[in-house]
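Peer 1: First the structure, then my questions, so here it is.
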Amino acid sequence: MAKKRRKLQNAVLFHHPDAVDTSRPRLMCRHAAGEGFLKAFVRHSGVNGFHGLGFEQSHFDDFQSRIGALDDQNRPCHWVGLGDMAGAGPSTLMLPDPSLAPFAWRRRGTGNRGYSLCGLNHTIA
């Protein structure tokens with residue numbers, strides 16, 4: 001009997017181009033981990049669209065470009081500001097490393113505790 005595949009909940013992915021770029025001359029494990037996570041999320045999450053968060057517009061442009069290259073379903077990308085996490089829809093902020101403290105303090109300072117924080121662990125962590 002085939003195992004029923006469960007649809008994952010969506011998440012806001014914190015995106016910085018440096019965290020997922022494996023085309024660099026000095027490649028480190030954190031870059032491969034970030035790119036691997038992004039590829040797996042796009043291919044296997046089953047979400048209707050992708051939510052990104054970053055420091056500047058160029059980060060969203062990079063986010064859209066990378067997702068577009070990986071996504072054969074042409075799902076939309078949405079940009080979320082850190083202050084907009086309460087209304088973003090997804091209730092998880094996925095970070096490219098396990099350093100959750102700055103984001104936890106920011107979340108606490110806004111009084112918005114309606115979303116969880118999750119980080120990707122890798123070798124330099």
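The values are calculated or read from the model by the stated rules, or taken from the named source; none is laboratory data. Owing to the predicted nature of the structure, the values given are computational and were not obtained by experimental measurement. When we count neighbours, we look across all protein chains shown, and the Cβ atoms used for this are built from the backbone with ideal geometry, even at glycine.
Peer 1: Going through the range 92-105 one residue at a time, which ones are out of contact with any helix residue (DSSP H, G or I) (no Cβ under 9 Å at 6 or more places or on another chain) and part of a loop (DSSP other than H, G, I, E, B)?
Peer 2: 98, 99, 100
Peer 1: Which members of the range 23-48 meet the condition of being of a type outside the set (A, V, I, L, M, F, W, C) and buried (at least 17 other Cβ atoms within 10 Å of the Cβ)? Break it down stepwise before answering.
Peer 2: Within the range 23-48, the first condition is being of a type outside the set (A, V, I, L, M, F, W, C), and the residues that meet it are 23-26, 30-31, 34-36, 39, 43-46, 48.
Listed by number, the residues that qualify are 30, 31, 34, 35.
Peer 1: Take residue 71 and tell me if it is in contact with a helix residue (DSSP H, G or I) (Cβ under 7 Å, 6 or more places away or on another chain) and modelled with pLDDT of 95 or more.
Peer 2: So residue 71 fits the description; yes.
Peer 1: Quick check on my filter: what residues within the range 23-59 are under 22 Å from residue 122 (Cβ atoms), part of a loop (DSSP other than H, G, I, E, B) and touching a residue at least 40 places away in the same chain (Cβ under 8 Å)?
Peer 2: Matches in the range 23-59: 28, 54.
Peer 1: Right, here's the next one. Quick check on my filter: what residues within the range 65-79 are without any contact (Cβ under 8 Å) to a residue 12 or more places away in the chain and assigned to a loop (DSSP other than H, G, I, E, B)? Quick ask: steps written out before the conclusion?
Peer 2: So the first thing to find is which residues in the range 65-79 are without any contact (Cβ under 8 Å) to a residue 12 or more places away in the chain, and the list is 65, 68-69, 72-74.
The answer is 72, 73, 74.
Peer 1: So residue 62 clears everything in (1) part of a loop (DSSP other than H, G, I, E, B); (2) modelled with pLDDT of 90 or more except one condition, right? Which one?
Peer 2: Exception for residue 62: condition (1).
Peer 1: Another question, then. State all residues of the range 38-83 that are among the acidic types (Asp, Glu) and within 13 Å of the chain's Cα centre (by Cα); if no residue qualifies, say none.
Peer 2: Matches in the range 38-83: 62 only.
Peer 1: If a residue must be crowded, with 19+ Cβ neighbours inside 10 Å, within 14 Å of residue 20 (Cα to Cα) and in contact with a Cys (Cβ under 8 Å, 6 or more places away or on another chain), how many such residues does the range 49-66 contain?
Peer 2: 2
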